[in-house]
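One structure is given here, and the rest of the page talks about it.
What follows draws every value from the coordinates through simple rules; no lab data is involved. Quick caveat: nothing in here was measured; it's all calculated off a predicted structure. Please note: Cβ atoms are built from the backbone with ideal geometry, for glycine as well, and neighbour counts cover all protein chains shown.
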Amino acid sequence: MDGVEKLNRSRLENLDGEEREGGHAPFQSPVVGINGIDYHQTKTVHVSKSWLRENRIVCDYDQGNHLSTYKFLRTKVLRSLKDNNWNTLGITSPGPGVGKTVTAINLAINIAMEISKTVLLVDADLRRPTVHKYLGLPAGHGLSECLSFGDPLSELLIHPDVGELVVLPGGQPVLNSSEMLASPQMAQLVEELKNRYPSRMVLFDLPPVLAVDDVLAFAPCLDAVLMVAEAGKTKKEELMDACAMLEGSTHVIGTVLNKTDPDVQSYPYY
């Protein structure tokens with residue numbers, strides 16, 4: 001049985017089968033009555049708030065202007081997605097080390113705190129998956145095992161007990177990441193995630209555009225991309241090149257200027 005057949009069988013057994021028996025599929029919100037769904041099938045892992053603070057994850061504690069900045073970003077992103085009837089967003093950057101994973105996690109958490117929204121955050125940086133590390137989640141199987149071996153999603157998803165957020169970790173690092181992201185299995189998975197529940201936003205933490213060809217291979221599956229740049233590090237030419245490379249494949253809805261010096265602004269940025 002090849003990867004596609006395994007993946008399809010896993011979906012039928014773990015999604016459709018549960019619905020026929022009156023159960024609930026994965027990826028769902030725990031708020032029954034608001035979205036009409038719950039994710040009691042999804043494993044819950046209680047994350048350490050002190051660990052989140054240490055890793056610059058803004059979550060249900062006083063972060064002052066940092067929290068306000070992410071709420072502002074959330075509002076602008078949701079408005080753009082709603083105006084275009086989109087629900088899949090990739091977060092990437094021109095180069096490495098600019099904070100795109102922290103941005104992806106904080107954006108996902110803030111969207112998940114909206115009363116009418118649920119969020120699935122997918123670690124699609126398959127060469128260097130780190131979402132689980134920032135959240136303090138245990139290392140284990142994830143997206144790479146789902147695509148390679150047909151591991152059922154119901155066994156891979158984690159609810160980190162933060163808002164209405166579910167995480168699909170990256171799993172074990174792989175070298176053929178662009179081939180996996182461009183595979184029919186991945187395209188089929190994205191379509192399923194996009195269409196299963198209209199209230200859910202699906203965010204993908206992606207590798208840097210200029211470092212590997214993963215984002216180029218995967219971009220046609222996405223509604224839009226958010227580009228993260230670092231003040232004082234990312235060059236204007238790099239940012240323009242990264243956006244130009246995605247032109248025609250997906251929509252770049254905006255840029256986040258990360259690590260800006262608050263002393264040079266009338267209001268502080270994270």
Determine which member of the set Ala231, Ala219, Ala211, Ala182 is over 30 Å from Ser50 (Cα atoms), of a type outside the set (S, T, N, Q) and free of Cβ contacts under 8 Å to residues at least 60 places away in the same chain.
-> Ala182
Kindly establish whether Gly95 is in contact with a Pro (Cβ under 6 Å, 6 or more places away or on another chain) and crowded, with 17+ Cβ neighbours inside 10 Å.
-> yes
Sort out which residues of region 163-175 are aliphatic (A, V, I, L, M) and surrounded by fewer than 24 Cβ atoms within 10 Å (Cβ to Cβ), and write them in order of number.
-> Val174, Leu175
Taking helices (runs of 4 or more DSSP H) that do not extend beyond region 45-135, which have at least 1 residues that are acidic (Asp, Glu)?
-> 49-54, 65-83
Go through (1) closer than 22 Å to His66 by Cβ; (2) surrounded by 24 or more Cβ atoms within 10 Å (Cβ to Cβ) one by one and return the number of the condition Gly136 breaks.
-> (2)
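Okay, residues lined up against (1) closer than 19 Å to Ile91 by Cα; (2) surrounded by 22 or more Cβ atoms within 10 Å (Cβ to Cβ); (3) under 14 Å from the mean Cα position of the chain (by Cα); (4) not polar (S, T, N, Q):
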{"residue": "Glu114", "(1), (2), (3), (4)": "no, no, no, yes"}
{"residue": "Val119", "(1), (2), (3), (4)": "yes, yes, yes, yes"}
{"residue": "Val122", "(1), (2), (3), (4)": "yes, yes, yes, yes"}
{"residue": "Thr130", "(1), (2), (3), (4)": "yes, no, yes, no"}
{"residue": "Ser144", "(1), (2), (3), (4)": "yes, yes, no, no"}
{"residue": "Ser148", "(1), (2), (3), (4)": "no, no, no, no"}
{"residue": "Pro160", "(1), (2), (3), (4)": "no, yes, yes, yes"}
Which of the residues spanning region 178-200 are in contact with a Ser or Thr (Cβ under 8 Å, 6 or more places away or on another chain) and either farther than 23 Å from Ala242 by Cβ or among the polar types (S, T, N, Q) (or both)?
-> Leu193, Lys194, Tyr197, Ser199, Arg200
Checked region 212-242 for anything more than 22 Å from Val190 (Cα to Cα) and either touching a strand residue (DSSP E or B) at 6+ places or on another chain (Cβ under 7 Å) or crowded, with 16+ Cβ neighbours inside 10 Å (or both); matches are Val228, Ala229, Glu230, Ala231, Thr234, Glu238, Leu239, Ala242
